[in-house]
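The block underneath contains the structure these notes are about, expressed in structure tokens.
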Amino acid sequence: MLSRPLDFMAYALSLAELALGYTSPNPAVGAVIERDGLVVGLGHTQQPGLEHAEIMALNQAGEMARGATLYVTLEPCCHHGRTPPCTESIISAGISEVNIAVADPNPLVSGKGIECLKAAGIKTIIGEYDQKAREINEGYFKYIKTGIPFVIAKFAMSLDGKIATRTGDSKWITSEEARNYAHGQRHSVDAIMVGAGTIITDDPRLTARGYSGRGGRARLQPLRVIVDGKGRVPDTARVFSEPGKTLVAVVDGLVNVEKLKTEREGAEYIVIRSDNGLIDIAELLKTLGQRQITTVMIEGGSRLLGYVFDHHLVDKVLAFVAPIIIGGEDARTAVSGRGVEKVKDALQLKDIKIEKFDNEFLISGYT
């Protein structure tokens, strides 16, 4: 038995985290139904078109839901989509009180679900663990407001800021523990983006290994997006034969797309307008948003990372720092691009967190 009311919401938040990676473009939501201090129903969002968290919890609770309290991490929906409104089921089940961590920014819901519950005479409380609830669904919150994916810049570097030696060797800067964590992060996003240079130099798989499914549920691999303006990536690259989908973005007018389609089986191609001879990443992100991609993790290389930082396209940074010194004037740095002219103009991260993995640290924050 959980002893304090807020504990039930914390439990619901942990269920929402379990749903990450399975629900996009829907948010990941957790729900707990409590009656007389006991949990009588649990739920978290299923894949699109299947049960929402509240419905899963109500089905578990059955008649025990009548007069009980529902803790849910996001405002219940009140409109018909792929599934009926959750508010109707909550009211019909006889729930007497609903605790909501945060309101849903979706215009179809935003405040309307809360109003519907209150109109039915259900005591409704909002704001418990709201910051944590927003963090779990940070990608959804941005996407639903802007139509543009939430962008995470992720890189691993030495203490002196290098991602590879002067010869291009980069295996391995971080420990296996840190790399496993990174695969977990891949699992939670809709797409992984890299530049052509990363594919040519490292030939990565760009898969979320070890996260094929949880609790018996299948999880598709995140979409692999290759920024290959001039069509330089060889057809032998491993990304073209790995499970999941690969999308290659090329510059309009610079590449014979039909020829590439013949050479590289297993990939889709999109033509993006040029930005001084480079792919316009803002336009690419807009195109991904139109495909209901809500979160994108950019993993390199340094030129692509430099571009997105120069153009203020990054929302969050995940920087692994290993206690090693690589040195070398010609060794690759984590972020290139144009950069700033004065230190006072440097990008300052907010809401910084520091975690330790084996011998290295993960520094994360928001732009």
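For residues that are polar (S, T, N, Q) and farther than 23 Å from Phe155 by Cβ, tally how many sit in segment 269-305.
5
How about segment 243-283: which of its residues are of a type in the set (Asp, Glu) and farther than 20 Å from Ile293 by Cα?
Selection gives Asp252, Glu258, Glu263, Glu265, Asp275.
Which of the residues spanning segment 258-269 are in a helix (DSSP H, G or I) and either of a type in the set (Ser, Thr, Tyr) or open to solvent by less than 60 Å² (accessible area, probe 1.4 Å) (or both)?
Leu260, Thr262
Quick test of your reading of the structure: Pro48 fulfils all but one of (1) assigned to a loop (DSSP other than H, G, I, E, B); (2) in contact with a Cys (Cβ under 6 Å, 6 or more places away or on another chain). Name the failing condition by number.
Every condition holds for Pro48 apart from (2).
Among all residue pairs at least 6 apart or on different chains, which show Cβ distances below 7 Å where the first residue, located in segment 170-195, is under 30 Å from Thr287 (Cα atoms) and the second is open to solvent by 20 Å² or more (accessible area, probe 1.4 Å) and part of a helix (DSSP H, G or I)?
So the pair list comes out as Ile192/Arg186; Gly195/Arg303.
With respect to Ile100, is the statement that it is more than 17 Å from Ala28 (Cα to Cα) and either open to solvent by less than 60 Å² (accessible area, probe 1.4 Å) or modelled with pLDDT under 95 (or both) true?
Spelling it out, it is not the case that Ile100 is more than 17 Å from Ala28 (Cα to Cα) and either open to solvent by less than 60 Å² (accessible area, probe 1.4 Å) or modelled with pLDDT under 95 (or both).
From Val248, Val233, which residue is aliphatic (A, V, I, L, M) and in contact (Cβ under 8 Å) with a residue 24 or more places away in the chain?
The conditions single out Val233.
Limited to segment 112-132, what total is found for residues that are farther than 21 Å from Ala28 by Cβ and in a loop (DSSP other than H, G, I, E, B)?
3
Among the residues of segment 76-97, is any surrounded by fewer than 19 Cβ atoms within 10 Å (Cβ to Cβ), of a type in the set (Lys, Arg), closer than 20 Å to Gly30 by Cβ and out of contact with any Asp or Glu (no Cβ under 9 Å at 6 or more places or on another chain)?
Yes, segment 76-97 has at least one match.
In this structure, does Ala16 turn out to be in a helix (DSSP H, G or I), under 24 Å from the mean Cα position of the chain (by Cα) and surrounded by 17 or more Cβ atoms within 10 Å (Cβ to Cβ)?
yes
The values are calculated or read from the model by the stated rules, or taken from the named source; none is laboratory data. Keep in mind it's a predicted model, so treat the numbers as computed, not measured. No Cβ is skipped: glycine too gets one built from the backbone with ideal geometry, and neighbour counts run over all protein chains shown. Just so you know, the surface numbers come from the protein's heavy atoms only, side chains and all, with ligands and any DNA or RNA stripped out. Shrake-Rupley method; radii C 1.70, N 1.55, O 1.52, S 1.80 Å.
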